[in-house]
Amino acid sequence: MFPFHSDFRQDAAGKAFVFSKTGQFSDFSYITQNGRLTEFLDCVIISHFHLDHCGALPYMSEMVGYDGPIYMTHPTKAICPILLEDFRKITVDKKGETNFFTSQMIKDCMKKVVPLNLHQTVQVDEELEIKAYYAGHVLGAAMVQIKVGSESVVYTGDYNMTPDRHLGAAWIDKCRPDLLISESTYATTIRDSKRCRERDFLKKVHETVERGGKVLIPVFALGRAQELCILLETFWERMNLKAPIYFSTGLTEKANHYYKLFITWTNQKIRKTFVQRNMFEFKHIKAFDRSYADNPGPMVVFATPGMLHAGQSLLIFKKWAGNEKNMVIMPGYCVQGTVGHKILNGQKKLEMEGRATLDVKLQVEYMSFSAHADAKGIMQLIRMAEPRNMLLVHGEAKKMEFLKDKIEQEFSISCYMPANGETTSIVTNPSVPVDISLNLLKREMALGGPLPDAKRPRTMHGTLIMKDNSLRLVSPEQALKELGLSEHQLRFTCRVQLHDPHSDNDTLGRIYTHLKSVLKTYSIQHVPDGTVIVESIVIKVTSSAEEPNLKVILLSWSYQDEELGSFLSTLLKKGLPS
Amino acid sequence: MDSDCLSLLPAVCLVLADPKQSPPDDTSLEKLLDWFKELHSQSDGQVLLQHQPCLLEFISSVCMSKTTDPAILSFTLKLTGLLAATTQELHLFDEGGLLVNVFEREAWGVCDLWEDASVRSGWLQGLLNMLKHQQALGFICGNGLIKVILQLQNDRSLFVACLANQLLVHILNFLTSPNMTNGSDVVGSSESSLRPDWVSASSEIMNAVVEALSSEDHPQVLQGLRLLSLVLSKCGEPIISTLWKDVLVPLEVLVNRGSESLIQTLITVLEAALGTPLLSQSEYKVEELLEAMLGDGNRKECFHCAALIVKLEKCPEVLKRKATDIILLPLQCVSTQPQAEKEINVVLKEQLSQKASCISLLMQSLSSLAQLAHTKYLFEDISIHSITSSVLLLLRMCSGHCPTSLLHSNAFTHLIGCCKVQRCGLDTLGALSVYEEILDLRKDIFGVLLDYLQSPDSHATVLKKTFQAVKRWIVCSPFPDLLQFISHDLFPVLEKRMCDLRWEVRDSTLEFITQLTTALNGNSGFTEALHTSGMVSVLLSSLADAEGYVRASAVAAVGEAVTASSHQMVLVSNSKLLDEALVQMMAILSQDTEGFPRRAVVQAFTSWLKGSHLITALELSLSSVLSLGGSDFDWEVKMHTLELAEVLMEKTLTCCPYAVQNFGSSEETRFTQALIKFKNFGLFDLLFNSLFDCDRPVCEKACALLVKLRTLTAETADLDNSLLVLNVCGNRWGDEVQRRYLNKQQAKASVSVTNGVTGSDEGTDCGLHCTKDISLPKILQILDLDDMQRMLTLSSDHVVNSPRSLMEDILSAAQHSEENIVDCY
């Protein structure tokens, strides 16, 4: 079983970088060195379509050779190949990478995907079952409960506990998993209202357009882009604005198609308005042609890729960077080695090819619209699911430490935050259902005590028979009878040596008297055949001809009288009263 | 560039060493380290340290600080190791005792930094970087660092433990390398020529392995085994045999204990041992141990061992046979007749009665069989005939056919509808097609495969595997009634499958038809069957499928069908097919919203053009394809269009039916006519537009083609330039050409003015300033194609991703106080 998270190289904080320095994929040799992943993994689960969750999937299935089932929700299955294709094209475009997965590989990989419905339990094999829950975050994102027998783990992927413009909030039932693995991107942040950020965004775009400037919004092919589109579309409609809005990539047409198709995955508001019009059918947003970039007058353009490191978005940026009336809005993280990273760092002169420089006069804005649960949201999810243990991933160590303490205090459960490559062991108490024989139950009842109650666990003694994959608790007698076995008695023996200048018989008599005085409540017998018996304990005395005063006292007792037997042996070692 | 970087280095060091600054992300630090590595490999390291005193200052200040960030410390450790990789550098470090300070593990322990896995990993990597010379080894041994490394071998971080193992192997290897043993003969030489502390270091490591293997702690045993297999595969003598002698006893204990969780690692150890001289010496018991792993086939774990042993490359033959016999048991057991019951062992019987273990055993059995078939393994004790029959029976059981006499009715119920076994069985059946001995089973084989194709319950992935198996069996041995089978049995099923609700199935079916058509290319009977069975019209209707992937596969299938039919153009139906295909494909190229089908269309044209039969028929569509493909918003469609253009150029300019034929005319005239033809096709528009595209691969390809064209025009002396004039106004590339043209003219003019030259031809040209028409050879000269080509071979982000840019980023991030909240997608 292998819940996927962050395929690409992660930094110490666990943040994933889609475009890492070398563009290399996860090293699957840590799972198995000989590449036979199918033998090691029962299935692969993809929580949502973002590339830090699915970017290495075709590599894993088509190049490393994983041939087992891959699970994801219907929208993820539909949208995932669009992003993978985009990722592949950008990588190949940038470097002419040849050792990268191909379109055919993406397709072959998607053919292996088994789609999941929300709340539907899917039996992966005899022992393993999985169930998906709504996670918000992006269209089709799911949290997954993974269950083997009575033990279960919930893996959240990325989730959002507050509904946004197009998606609802994450939800899970009180499934009480043994372990809840949660992302903790905003472990200590209580995020300011998204409304404020949206208002800010619209204000900035509006102001720029009003003064005749052009606004460039570099985005990945989908996800955030759709949310911003809805935002602008509604605003344009309300304000009756005329400046054109363009979307630069052909990929989006298909993406919008899927957003329309999977409208049931969006939030209630969008579903409601669907009767009048589909929110993803944009009236104001049109396809972009490269020649439009030189058109005079204001416009807003969404262009890929999101980090301004190649292709259309970079081309438009170069054209517009010199004019202070224009604006670029970066709605996401940019890795080092991209123009996006540079301008976010405030660099005003960019070196271009052939030692040419580009003056960045346009306004650079950074706006975060990411849909992750904040500290409050994470606590809310724990309250919902009531896990027995908690594991935090996908966050910064220091912030996670803070949240970990908070969780442990408030919920009194163990919280773990292993670094990449570290193993955490968690103790679970699997409940194993066992049938009890009626006879044993009756006997137990006869002994008195309260009636059986599911909420009050009680200890019961019996013999456990494991046969044909079933477990039954029966009385020892019944077990013997059923299995055709005869009972064996287990006795403990012990020798105690003591000096006693009497005959063996007298010594035994003295022992009898001594015990009578010590163990007043016990029945003690002196049997004529030369033994003293206390409960199941048998005591004999022997001595050798050479040394008649050295008596060897032989004690023997059964398992039930273990305590008494030990007591007597200690007692006799001290000697007899004179 | 490096001198620029070196001038920025002191400032960067200051920023990195400043504990108040938050460290750059780890990709930046790694890139910086890469740059140091490159610099170090290029120059003498000593020079770097001497000329850049800031480096030593940086390292020492990081080590002194108690508030260093773990990321910076990890980086510093790695860097120090890298910079101390030569003896001279090490000496520089050692002067002030800095090296000991850096790698003094206790120092980090004080401020809990050692708790951070990245610090431990940096520490190991640093030592690994440094271990290039004797002094480094002396430093490690002399400061008791071996002990720490051995501790880290059992680290809770997988990465740290793995790195520790690598370092230990490196140390062992280094100890026995020729430069360490004073030039004496290494192989077989005793360790006496080594320094005593080194001898003790190597025995410390080896003892640790022995101790780990004898441990009761499972993770420790695993780590010990991992180190052992690394030593076996990476080290030479005398390390291998010395260590092996010591570990043999605990290893034997582990093997005989037969713990399930150790099997994989034990086999890896033994596999590594197989590749060493240990194998040939019986006292080292390599073969014996492997045999012991198999046992007598009566242990639960023996099947897993057998499956692994079958796959070993250098496995002794006897052992392989034994493993093969064992691993085939589950398969035979499930599908044998009752009389063989007494031979079947109890353990296997029990395993087969449980669903999970039954499925896993059968899959091991099947995949091992497939593996053996790939090498065309010669089975001895058991006939390939009976094995194949077993596979067939198993596949039938999976699809619910209960055999009349069945040994394991339990197994049968486990197998019904089990996709895992079906997929594995079909793969194996396909692999078995290499054995000619079983050709007589073909009827049964195709029977089973057809059943799978017909069954409504077949999973999409199972159907894909079925197609692969069918293809392998058809291709391996065409049989007399093949066509009969294809048109009567196969095609009706395929037609049904092309209407399947699942796009995955429709796509796999179309891919299969394409592959089949390619494989049977030239078989007129097959082509005829394609047409007469109505398959062609189903293919054509698939071009309008709702799923883009399927449309693309349909385009490829139709393309292949047209190619196959082109050999028999006399048939009316064939030319009709081409006409219809052209209409629909052009519609896809101009209207389809997805890139895959559009790419497929251009690729189909390219493949048609490569064949010589269709060329004249395509002439009318070619210019449309070039113009539509060249202006597509998917740059890969443009790339494929350029590939089409390349084929067109080759075909036209070389001797082929399509080459411009004008008997009696000179070569120059023919070339000119070819260029005119290109112009009419819109080929130049395509090439020049693509040259200024915003996607690098498109520009690169266009540039390469234009360079080729330039060479040809330069070689042809008497070109009639007037016939090859291109209009450079009103289009994007034209503006760019004109701009460059003017720039060049201005440059020339200013040179002329300064030289006082007037009235020359060039001077007259300069007067033209803006021109509408320029001849092709002139344009090719104006553009600095060589310069462009050189730039285009570089990655499109080479400027922003350069070391200098990296340093500037680190510096500007430090000045930029406002923190951006990192937003993860």
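Give me the pairs, please: first residue somewhere in the stretch A:341-360 and in a strand (DSSP E or B), second residue anywhere and surrounded by 14 or more Cβ atoms within 10 Å (Cβ to Cβ) and of a type in the set (Phe, Trp, Tyr), beta-carbon distance under 9 Å, and either six or more positions apart or on two chains.
Taking only residues 6 or more apart or on different chains, the pairs are A:Leu358/A:Phe317.
Residue by residue, here is whether (1) within 18 Å of A:Ala303 (Cα to Cα); (2) assigned to a helix (DSSP H, G or I); (3) modelled with pLDDT of 90 or more holds:
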site	(1), (2), (3)
A:Val205	yes, yes, yes
A:Gly212	no, no, yes
A:Leu222	yes, no, no
A:Thr249	yes, no, no
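Inside the stretch B:237-269, can you point out the residues that are farther than 18 Å from B:Met293 by Cα and open to solvent by less than 30 Å² (accessible area, probe 1.4 Å)?
Result: B:Pro238, B:Ile239, B:Ile240, B:Ser241, B:Leu243.
For the stretch A:402-409, check the following and say yes or no: at least one residue is within 14 Å of chain B (Cβ to nearest Cβ) and closer than 24 Å to B:Ser121 by Cβ.
No - not one qualifying residue is present in the stretch A:402-409.
Checking A:Gly168 against (1) touching a Gly at 6+ places or on another chain (Cβ under 7 Å); (2) part of a loop (DSSP other than H, G, I, E, B); (3) crowded, with 24+ Cβ neighbours inside 10 Å, only one condition comes out false. Which one?
For A:Gly168, the failing item is (3).
Could you say which residue among B:Ser190, B:Ser177 is open to solvent by 60 Å² or more (accessible area, probe 1.4 Å) and at pLDDT below 85?
It is B:Ser190.
Can you list residue pairs whose Cβ atoms sit under 6 Å apart, with the first residue in the stretch B:11-25 being more than 14 Å from chain A (Cβ to nearest Cβ) and the second being open to solvent by 40 Å² or more (accessible area, probe 1.4 Å)? Count only pairs 6 or more apart in sequence or on different chains.
Qualifying pairs under 6 Å: B:Ala17/B:Ser61; B:Pro19/B:Thr67.
I'd like the residue in the stretch A:57-83 that is farther than 22 Å from A:Val124 by Cα and of a type outside the set (Ser, Thr, Tyr) and, out of all such residues, is surrounded by the most Cβ atoms within 10 Å (Cβ to Cβ).
Here the residue is A:Ile79.
Taking the options A:Asp192, A:Asp173, name whichever one is at pLDDT below 95, under 30 Å from A:Leu391 (Cα atoms) and away from chain B (no Cβ under 14 Å).
From the options A:Asp192, A:Asp173, the qualifying one is A:Asp173.
Applying the selection to the stretch A:317-339, what residues are over 22 Å from B:Ile810 (Cβ atoms) and at the interface with chain B (Cβ under 9 Å from one of its Cβ atoms)?
A:Pro331
When residues of the stretch B:146-161 are filtered for being under 34 Å from the mean Cα position of the chain (by Cα), part of a helix (DSSP H, G or I) and without any contact (Cβ under 8 Å) to a residue 60 or more places away in the chain, how many remain?
Counting residues in the stretch B:146-161 that are under 34 Å from the mean Cα position of the chain (by Cα), part of a helix (DSSP H, G or I) and without any contact (Cβ under 8 Å) to a residue 60 or more places away in the chain gives 5.
Do you know which of the residues in the stretch A:316-339 that are modelled with pLDDT of 90 or more and small (Gly, Ala, Ser) is surrounded by the most Cβ atoms within 10 Å (Cβ to Cβ)?
Selected residue: A:Ala321.
Note down all Cβ pairs under 7 Å where the first residue falls in the stretch B:674-700 and is away from chain A (no Cβ under 14 Å) and farther than 15 Å from B:Leu628 by Cα, the second is open to solvent by 50 Å² or more (accessible area, probe 1.4 Å) and not hydrophobic (A, V, I, L, M, F, W, C), and they're at least six residues apart or on different chains.
none
I'd like the full set of residues that are open to solvent by 10 Å² or more (accessible area, probe 1.4 Å) and within 14 Å of chain B (Cβ to nearest Cβ), limited to the stretch A:373-384.
A:Asp374, the sole residue that qualifies.
Kindly check whether there is at least one residue in the stretch A:437-451 that is under 20 Å from A:Arg388 (Cβ atoms), more than 14 Å from chain B (Cβ to nearest Cβ) and open to solvent by 80 Å² or more (accessible area, probe 1.4 Å).
No, that holds for no residue.
Right, B:Gly430: open to solvent by less than 50 Å² (accessible area, probe 1.4 Å), closer than 28 Å to B:Trp503 by Cβ and assigned to a helix (DSSP H, G or I) or not?
For B:Gly430, the condition - open to solvent by less than 50 Å² (accessible area, probe 1.4 Å), closer than 28 Å to B:Trp503 by Cβ and assigned to a helix (DSSP H, G or I) - is met.
Taking the stretch B:504-558, which residues are assigned to a loop (DSSP other than H, G, I, E, B) and either open to solvent by 10 Å² or more (accessible area, probe 1.4 Å) or within 12 Å of another protein chain (Cβ to nearest Cβ) (or both)?
B:Leu520, B:Asn521, B:Gly522, B:Asn523, B:Ser533, B:Gly534, B:Ala544, B:Asp545, B:Ala546, B:Glu547
Specify which of the listed residues (B:Thr375, B:Thr388, B:Thr413) is under 22 Å from B:Phe479 (Cα atoms) and not charged (D, E, K, R).
B:Thr388
Is it the case, given these coordinates, that A:Gly448 is of a type outside the set (A, V, I, L, M), closer than 23 Å to A:Gln560 by Cα and modelled with pLDDT under 80?
Answer is yes for this residue.
If A:Phe402 satisfies every condition in (1) farther than 30 Å from A:Lys131 by Cα; (2) open to solvent by less than 10 Å² (accessible area, probe 1.4 Å) but one, which is the exception?
In the conditions (1) farther than 30 Å from A:Lys131 by Cα; (2) open to solvent by less than 10 Å² (accessible area, probe 1.4 Å), A:Phe402 misses (2) alone.
When you go through A:Gly136, A:Gly140 one by one, which is the residue that is in contact with a helix residue (DSSP H, G or I) (Cβ under 8 Å, 6 or more places away or on another chain) and more than 10 Å from chain B (Cβ to nearest Cβ)?
A:Gly140
I'm trying to understand the selection: among the residues of the stretch B:416-467, which are among the small types (Gly, Ala, Ser) and under 27 Å from A:Val113 (Cβ atoms)?
Passing the criteria: B:Gly417, B:Gly425, B:Gly430, B:Ala431, B:Ser455, B:Ser458, B:Ala460.
Select, from B:His459, B:His401, the only residue that is out of contact with any Ser or Thr (no Cβ under 8 Å at 6 or more places or on another chain), farther than 20 Å from B:His304 by Cβ and within 14 Å of another protein chain (Cβ to nearest Cβ).
B:His459
Here is a check on your reading of the model: is A:Val144 crowded, with 22+ Cβ neighbours inside 10 Å and under 29 Å from A:Gly322 (Cα atoms)?
Judged against the criteria, A:Val144 is not a match.
Under 6 Å between Cβ atoms, which residue pairs at least 6 apart in sequence (or on different chains) link something in the stretch A:425-437 that is closer than 23 Å to A:Lys481 by Cα with a partner that is aliphatic (A, V, I, L, M) and surrounded by 10 or more Cβ atoms within 10 Å (Cβ to Cβ)?
Listed pairs, sorted by first residue: A:Val434/A:Leu471; A:Val434/A:Leu473; A:Ile436/A:Leu473; A:Ser437/A:Val474.
Exactly one of these conditions fails for A:Ser103: (1) modelled with pLDDT under 80; (2) of a type in the set (Gly, Ala, Ser); (3) over 24 Å from B:Asp26 (Cα atoms). Give me its number.
Tallying (1) modelled with pLDDT under 80; (2) of a type in the set (Gly, Ala, Ser); (3) over 24 Å from B:Asp26 (Cα atoms), A:Ser103 fails exactly one: (1).
Would you be able to tell me the number of residues in the stretch A:149-165 that are hydrophobic (A, V, I, L, M, F, W, C) and either open to solvent by less than 20 Å² (accessible area, probe 1.4 Å) or at pLDDT below 90 (or both)?
Number of matching residues: 2.
The values are calculated or read from the model by the stated rules, or taken from the named source; none is laboratory data. What you see is a predicted model; the values in this text were computed from it and never measured. Ideal geometry is used to build each Cβ from the backbone, glycine not excepted, and the neighbour counts take in all protein chains shown. Side chains are part of the model used for accessible areas, which takes the heavy atoms of the whole protein and leaves out ligands, DNA and RNA. Shrake-Rupley method; radii C 1.70, N 1.55, O 1.52, S 1.80 Å.
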